[in-house]
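Student: Structure incoming, see below.
Bear in mind that the values in this text are calculations on the coordinates, not laboratory data. What you see is a predicted model, and the numbers here were worked out from it, not measured in a lab. We place every Cβ from the backbone using ideal geometry, glycine too, and count neighbours over all the protein chains shown.
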Amino acid sequence: INPRGKECYWISGVGAPQDAGPGTDFYAVSQNKVSITPIKVDMTSYDVQASLKELTL
C-alpha cells in the first residue's frame, strides 16, 4: 500500500515483453500472485583478497 492507500507493485529493473514469461517476477505479478526471489549479494573480490594475503603489512 502506497502513502495514498493504493495497492501497488514495484519491480526493479527494465522488463521487456520477452522477460514476462512463466517463472518470472513480471509474470507472477501480472497473474495477481506474489513473487518472492531470494537473492544473495556478495561483492567480494576473492582474487584480490587472495593477493592481499601475500602482502607484508
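Student: At 10 °C and 1.306 mPa s, grab the translational diffusion coefficient of the chain from Stokes-Einstein with a Kirkwood Rh over Cα pairs, rounded to a whole number in µm² per second. Working shown, then result.
Tutor: Values: Rh = 15.3 Å.
Estimated diffusion coefficient is 104 µm²/s.
Student: Would you mind finding the longest exposed-site-free stretch of the chain, with exposed chymotrypsin sites (Phe, Trp or Tyr not before Pro) meaning DSSP loop and at most 15 other Cβ atoms within 10 Å? Before the final figure, lay out each step's value.
Tutor: On the way: sites that count: Tyr9, Trp10.
Between the exposed loop sites, the longest stretch runs 11-57.
Student: What does the charge dipole of the chain about its Cα centre add up to, to the nearest 20 debye, if the Cβ of each Lys and Arg holds +1 and the Cβ of each Asp and Glu holds -1? Walk me through the intermediate numbers first.
Tutor: Working: 5 positive and 6 negative charges, 65 e Å.
Using Cβ point charges on Lys, Arg, Asp and Glu, the chain gives about 320 debye.
Student: Whole-Hz Karplus ³J(HN,Hα) for the stretch 35-45, in order, using 6.51 cos²θ - 1.76 cosθ + 1.60 and θ = phi - 60°, x for Gly and Pro?
Tutor: Running phi through 6.51 cos²θ - 1.76 cosθ + 1.60 with θ = phi - 60° gives 10, 10, 10, x, 10, 9, 10, 9, 9, 5, 8 Hz.
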